[in-house]
Amino acid sequence: MRLKKLERECRRLLAGFDVPQPFDLDTFVADIAARRGRPMHLHPLPAPHTEGAPCGVWLATEQADHVFYAAGTGRIHQQHIILHEIGHVLCDHVAPGLEPDDATALLLPDLDPATVARVLHRSSYTAPQEQIAEMIATMINERALNDYVRRPDDPLLGRLHEALAEDARRTERRGPR
């Protein structure tokens, strides 16, 4: 999917969502859950992350959404993983050919696999669903971080902040080298 089209599609999808300022993941998750009319639960993945294993999983039952994230990583990375999975939730993505029984047994061993409606985990970054979920997570994080990137009160630091911010905006418009 072309980047500009992807950005437009994700901005359109996120247009009606408020990102709390200052950002609070629990508040944001509660808002998503309320809009969907069903609880959303966040869980650390039960096993340590290994190469090739998903770092995030969305598991939907008839009653609730469950988002799993890698526990052995930093808070900001965990937040990004959770927001990526929420991107899948918002788009109602479906993983073709994925059997929920195996994931359910691993993630929620006390849950009857017959109650699982859907399981989705990252298959590759090139899949369109993954690109959309990643862009959604990035855009939400971008809105969330705006609260932390305020111009300092000190005039000298303020000018330095503006100079660096303008350089970053110029680089962002040009794209990576």
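The values are calculated or read from the model by the stated rules, or taken from the named source; none is laboratory data. Computed from a prediction, not measured in an experiment: that's the story for all the values here. Every residue, glycine as well, gets a Cβ built from its backbone with ideal geometry; the counts of neighbours run over all protein chains shown.
Can you tell me which residues in segment 66-85 are over 21 Å from Thr138 (Cβ atoms) and modelled with pLDDT of 85 or more?
Across segment 66-85, the qualifying residues are His66, Ala71.
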Might you let me know whether segment 6-20 holds any residue that is loosely packed, with under 14 Cβ neighbours inside 10 Å, at pLDDT 90 or above and either outside the structural domain of Met135 (by TED's automatic domain parsing) or outside any helix (DSSP H, G or I) (or both)? no
Please specify each residue of segment 152-177 satisfying the condition of being assigned to a loop (DSSP other than H, G, I, E, B) and at pLDDT below 55. Gly175, Pro176, Arg177
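For (1) part of a helix (DSSP H, G or I); (2) assigned by TED's automatic domain parsing to the domain that holds Leu14; (3) without any contact (Cβ under 8 Å) to a residue 40 or more places away in the chain, each residue gets a yes or a no:
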| residue | (1), (2), (3) |
| --- | --- |
| Arg35 | yes, yes, yes |
| Arg38 | no, yes, yes |
| Leu59 | no, yes, no |
| Val67 | no, yes, yes |
| Gln78 | yes, yes, yes |
| His84 | yes, yes, no |
